[in-house]
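Contents: one structure, followed by commentary.
Rule-based calculations on the coordinates, nothing more; no lab input. The structure presented is a predicted model; accordingly, all values stated were derived computationally and were not measured. Here the Cβ positions follow ideal geometry from the backbone for every residue, glycine too, while neighbour counts run over all protein chains shown.
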Amino acid sequence: MAKIGYEKYLAQSVQHLKGVGQKRAALYAKLKIDTYEDLLKHYPRGYVDYSDVGNIGDAPIGEMIAVRAIVDTKLPPVRTKGGRSIARVYASTESGDELELIYFNNPYASQKLYIGQEYVFYGKLQGDLLKRQMTNPVLVKAEEMEGLTPQYPLTEGLSSRMVASNVRTILSDPNCEITEFLPDEILTKFQLPDRDTAIRNIHFPENQGDAYAARRRLVFEELFTLTLGMKMRKQRKKVVSNNSFTDLDASVFCKSLPFRLTNAQERSIQEIAADLAKHEPMSRLLQGDVGSGKTAVAAAAVYLAAKNGYQSAVMAPTEVLAAQHAETFRKFLEPFGIAVGLLTSSVKGKQRGELLNQISNGNADLVVGTHALISDDVEYKQLGLVITDEQHRFGVNQRAALSKKGSYPHTLVMSATPIPRTLSLILYGDLDISILDEMPAGRRHVRTLLVDDSYRERYLGFVRKNVEEGHQVYIVCPLVEESEALGDSTISATKYFETLKDKELKGISIALIHGKISSQEKTQIMEEFQEGKIKVLVSTTVIEVGVDCPNATLIIVENAERFGLSTLHQLRGRVGRSDLQSWCVLVSSKENDTSKARLKLLTETDNGFIIAQEDLKMRGPGDFIGNRQHGLPNLQVADMADDEKVLYAANDAAEQLICEDPDLKNYPEMKEQVERLFEDADLTMN
């Protein structure tokens, strides 16, 4: 049979593959597997070593183990009150030990077992000293036992054996010639197997060494391609700009501040000033923990822009945060004659018209606002600096639209979400990074406690005590309203608010804020809270970002186990914003050891970068990327928490290659891989 070409071969629908009909193709579609290539890239999540057979009499409970046993008895499936089916099978080992096999909601699995047949069962050993059990184990017939058997991510109706069989069919076809695209020097330098070997061995390794080498190669390939693409994107962003600043002395501004800058703040201002002097637009991320002083650094950048005759725009994700920023920038900048305007959707009529005139004629040196800054009727006279706060909350198009309001303006991105360095290289590979890793002097550590709801009377008493001392309190709930799906133990803000104001906190000025109320209501409630009229604020995570109330000394987070560590850390940052001792009480009645351990970390450290690294390990990068507004591709094999060393190696190799050959003219196959990756992720290379 004539060859049809490797790329054309891999582009075929899995439905055309021998052994895959319409029904199985539909199951593959649930896993986003449509083509042969998708199936080849559906890598195993692990392997079962059926040859490493254990003795259940000696193995500890809770251990994953392969057991060789003969089926003795099969009991018919029974239905439980909850509608689940349970089938039990009893098998005996050569040493005479009995193994009980339990199949939940999988009657066919037990039906396929034959009495008298010997199998190798693999699963977690359960039970006690008298009875050993496995639940839904995987298995092979003893005579079919191989070495390492791949275990794939599955959906109901698919088995790992089916997937493995289909992958073998693809790999055994003469048309499947897997081509290499990594440069030979990189393969040699990092001792990587070629791509053909890696893909074959990731699916069907002869031993653990082959599996490890194959995975390391594919992880490197994935991270190298991604970081290379981000660096190419950064190169292509470089354009000649007339917005280079000449007067870059910010010392007068820095000395005017009512506090002393940290070394990290001073370093970041110097890095920004160096960028502003160049004939290409700055693209810099200013990353700092809660309360690390990003606004002061941003104000220094605005000061330099104004000194050089340029306007600045600061875009915040909410009206509340925009109003706070405007007030802070006014305090810092108006003594220098720098005019600050606030533009949100609430600014209307004559007031809006006057502000638009000030922006267009250049009388407004700095405009702070929400996405209203990118409205069609907003025209800047000479926009030279664009600052976006909490940039992961804006879509790519919104950020680009603000930059287009000027002629290649400098861009500064601020983020209070600490991100591990590994993830920063991926998320912000096209930006230079300044990190504020010091806290201003005078800030007290927020004391963090982890309790269960049996302490409710005590911590609500502590709320009253804080209010009586003249301070304010946040109480955060995971839900706006009750949800049957999450059960009775999950507290809703609406119901809790009603209970508190009528009972435990009766007589105290208390308000409710959440995402379902209007922007105008939110703004009014936050203003009254900041003015001290409201003493206790019951809220959802709508207060997570940017709410600044120095008089707030206590935050209570109900059902803390329902939040990511990074979110909890952000919430904790709403207090401790003055020299007053502040407290964070995390309430969780979950008995789960893992849940307790992750929450306990917050009681042990207030370093956001340590917390973020732990969150990355536990929850994966999705918690940082959110709804993929970055447009970055999903990593198919690399793990940001475990593959840190490989990422650094891949990043360094990509940096060297891009310096030698910025457009990859000498590496057309590599360039094609990069462009395909970014095209699939819907992320422009320009």
Original post:
Using the beta-carbon distance between residue 7 and residue 376 and R0 = 41 Å, what value does 1/(1 + (r/R0)^6) give for FRET efficiency, to the nearest 0.05?
Top reply: 0.40
**OP:** For each pair in 405/522; 506/535; 8/30; 503/596, compute the distance between the two Cα atoms and list the pairs where it is over 20 Å.
**Re:** 405/522; 8/30; 503/596
Original post:
How high is the relative contact order of the range 52-145, in percent, counting Cα pairs under 8 Å that sit 6 or more residues apart?
Top reply: 30
**OP:** Could you pull the Rg and Dmax for the range 243-394, using just the Cα atoms, both in Å?
**Re:** 14.7, 45
Subject >> Burial ordering of 567, 246, fewest other beta-carbon atoms within 10 Å first >> reply: 246, 567
**OP:** Determine which aspartates and glutamates satisfy two conditions relative to residue 381: a Cα distance under 19 Å, and not lying fewer than 8 residues away in the same chain.
**Re:** 354, 365
Original post:
Of 346, 10, 550, which is farthest on the positive side of the dipole of the chain, counting Cα position, with +1 on Lys and Arg Cβ, -1 on Asp and Glu Cβ, and the Cα centre as origin?
Top reply: 346
Original post:
Can you flag which of 617/645; 278/404; 189/617 are past 22 Å Cα-Cα?
Top reply: 189/617
**OP:** Might you report the magnitude of the Cβ-based charge dipole of the range 11-149 about its Cα centre, with Lys and Arg at +1 and Asp and Glu at -1, to the nearest 20 debye?
**Re:** 1000
Subject >> Per-residue [θ]222 nm for the chain (sum of -39500 (n - 2.57) over DSSP H runs n ≥ 4, rounded to 500) >> reply: -11500 deg cm²/dmol
Original post:
Gap in Å between the Cα centre of the range 408-422 and the Cα centre of the range 204-278?
Top reply: 9
**OP:** Mind checking which lysines have their Cα closer than 23 Å to the Cα of residue 255? Skip sequence neighbours fewer than 8 apart in that chain.
**Re:** 294, 307, 331
Original post:
In straight Cα distance, which aspartates and glutamates are under 14 Å from residue 18, not counting same-chain residues fewer than 8 positions off?
Top reply: 173
Original post:
In nm, to one decimal, how far is the modelled label at residue 64 from the one at residue 346, with both set 7 Å along Cα→Cβ?
Top reply: 5.3
**OP:** On a 0 to 90° scale, report how tilted helix 608-619 is relative to the longest principal axis of the chain, with both axes built from alpha carbons and the result rounded to the nearest 10.
**Re:** 30
Original post:
Cα extents of the range 511-607 along the three principal axes, largest first, in whole Å?
Top reply: 42, 33, 19
Original post:
Roughly how many nanometres apart are two label points built 7 Å out from the Cα toward the Cβ at residue 455 and residue 114?
Top reply: 6.1
Original post:
Dipole magnitude of the range 520-617 about its Cα centre, charges +1 at Lys/Arg Cβ and -1 at Asp/Glu Cβ only, in debye to the nearest 20?
Top reply: 160
Subject >> FRET efficiency, residue 197 to residue 445 (Cβ-Cβ, R0 41 Å, nearest 0.05) >> reply: 0.20
Original post:
In Å, what is the Rg of the alpha-carbon atoms in the range 156-205, and how long is Dmax?
Top reply: 13.9, 44
Original post:
Under a point-charge model restricted to the Cβ atoms of Lys and Arg (+1) and Asp and Glu (-1), what is the dipole moment magnitude of the chain relative to its Cα centre, in debye to the nearest 20?
Top reply: 1500
Original post:
Hey, what angle do you get for helix 349-360 against the long axis of the chain, alpha-carbon based, 0 to 90 degrees rounded to 10?
Top reply: 90
Original post:
What FRET efficiency do you get for residue 652 and residue 277 if R0 is 30 Å and r is their Cβ-Cβ distance, rounded to the nearest 0.05?
Top reply: 0.65
Subject >> Span per principal axis, largest first, for the Cα atoms of the range 447-605 (Å) >> reply: 41, 38, 28
**OP:** Please work out how much length the chain gains when fully extended from residue 234 to residue 187, using 0.36 nm per residue of separation minus the C-alpha to C-alpha distance, in nm with one decimal.
**Re:** 14.4 nm
Original post:
Just how many % of Cα pairs in the range 52-145 lie over 22 Å apart, if you round to the nearest whole percent?
Top reply: 22
Original post:
So what's the convex hull volume per residue for the Cα atoms of the chain, in Å³?
Top reply: 201
Original post:
Stretch residue 95-residue 55 to full length: gain in nm at 0.36 nm per residue minus the Cα-Cα span?
Top reply: 13.6 nm
Subject >> Antiparallel DSSP beta bridges within the chain, percent to nearest 5 >> reply: 35
